[in-house]
Amino acid sequence: MESIENNPLFRTVFDSAANGIAIMQSVYDDNGRIEDFEILLFNKFTLNWIGDVEYKGKRYGDVFPMVKETGILQKFIAVAETGVADNFESWYEGEGMKHWFRFTAVKQDELLVITTEDISEIKQAAVDLKESESHFKALVNASSDVIYSLNADWSIMRPLDGRGFLSDAHAPVEGWMEINVHAADRDAVKKAIAEAIANKSTFEMEHRVNTVDGGTGWTFSRAIPILDEQQNIIEWFGAASDITERKTIEQSLKQSESRFRNVINTTPVGTGVLIGPELMIETANDVILKFWNRDHSIIGKPFTEAIPEYSTGVAHTDHEALAYFHNAEGQLVSGYFNYSYTPLRDPDGTIYGVLIMATDVAKEMMSRKILEESESRYRALSQTLEHQVNERTRELQRSNEDLQQFAHVASHDLKEPVRKIKTFTNRLE
């Protein structure tokens, strides 16, 4: 053994092995039965597990105590006693190690050669694969979708499990296209499949299907290609979701939206809907477009971008506004409109847009302007007349005062001759 150990070629091969190797010699009890093994040699792979310790001459069961409790040592003893090689797997936890090992024990003359392979990653991968398979089965069984696989050219479908809302969803058939896909959508589905096969890309499509009750439904189908090492498609794996309810709701919404737009377009009042923080023009009827001097090309644009002069040329008076717009010749013209703004809210109360309603009040504004001008002229005339009356009154007052003063003077002048006559008469008497 010592000569072999000192052989450079042997040591090179022995230490370069990718598994742990131990060479041991049987240790007997007083009754001549094998009770343990004396360690003669460990390769470097084994030393990487246990560290650089002095092991020669020690018993295997002392260096690795857990082999006694796990039954590993007993299996080694059986190989040494019977000469029949053994290969087994065992979990080992101790001496800082937590591993799954595959042990191979071979008797060579009086020596026992043990090869130890760390299979922890393999075991974990097997556990993960098992768990993944279990999870996949649980997912498929709990899924509300139809889970299926297809061969490379999509000629044969093999439904797996899930809720069966498609016709014959659990029967692997070659004519699944005619059975499941609605006739009106088959050409489109075939075209999408051909593109996915040619590009080795994911297939995604919404299309109509034949349901189990003989009616028509909608599904969203998605399938991914499974490729081999040469990047050839070997099969497809996919799922089909029942979106009939969503499509029904969408159709109802479209009908409601269509009716709403018809109402807006037929109302004699200028009406528009602005959406989002940018006030995107979602719809506007011809009346309000005429007010804005625009056409339908502004639909889908932010309001301030479509009508920039509006934000800079509006003088509000309550709900009425003097608005300026560019005419067809690019000239800035004005008009009077009565606007009302109503917030549009989501079911949770969040404002998502604004409903604008506008009426042309130019005639009313002109009538009001004429009336205001008339009232102004009346007030000016009234003030003039009042001023004239006041002036005449003051003149009459001055005239009266002059007359009173004249009467006083005249009375005094008339009394003097009379007084003299009376005095002269008295003297004559």
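The values are calculated or read from the model by the stated rules, or taken from the named source; none is laboratory data. None of these values were measured; they are calculated from a predicted model. Glycine also receives a Cβ, built like all others from the backbone with ideal geometry; neighbour counts cover every protein chain displayed. Only protein heavy atoms, including side chains, enter the accessible area calculation; ligands, DNA and RNA are left aside. Shrake-Rupley method; radii C 1.70, N 1.55, O 1.52, S 1.80 Å.
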For this session: Report, by residue number, each residue of segment 401-429 that is open to solvent by less than 100 Å² (accessible area, probe 1.4 Å) and either at pLDDT below 80 or outside any helix (DSSP H, G or I) (or both).
Result: 402, 407, 409, 410, 411, 413, 416, 417, 418
Exercise. Quick one: what pairs do we get from segment 186-199, first residue over 14 Å from residue 155 (Cβ atoms), second among the charged types (D, E, K, R) and assigned to a helix (DSSP H, G or I), C-beta under 9 Å, 6+ apart or different chains?
Worked result: 186/178
Exercise. Name the residues in segment 206-220 that are within 13 Å of residue 185 (Cα to Cα) and free of Cβ contacts under 8 Å to residues at least 24 places away in the same chain, would you?
Worked result: 220
Problem set entry | Single match in 234, 264, 249 (criterion: more than 24 Å from residue 344 (Cβ to Cβ) and either open to solvent by 60 Å² or more (accessible area, probe 1.4 Å) or assigned to a helix (DSSP H, G or I) (or both)) | 234
Exercise. Looking at segment 71-95, which of the residues that are aromatic (Phe, Trp, Tyr) and in a strand (DSSP E or B) is most open to solvent (accessible area, probe 1.4 Å)?
Worked result: 91
For this session: State whether the residues of segment 162-183 include one that is modelled with pLDDT of 90 or more and either in a helix (DSSP H, G or I) or open to solvent by 30 Å² or more (accessible area, probe 1.4 Å) (or both).
Result: yes
Exercise. Among 68, 98, 130, which is the only one that is exposed (fewer than 13 other Cβ atoms within 10 Å of the Cβ) and modelled with pLDDT of 75 or more?
Worked result: 98
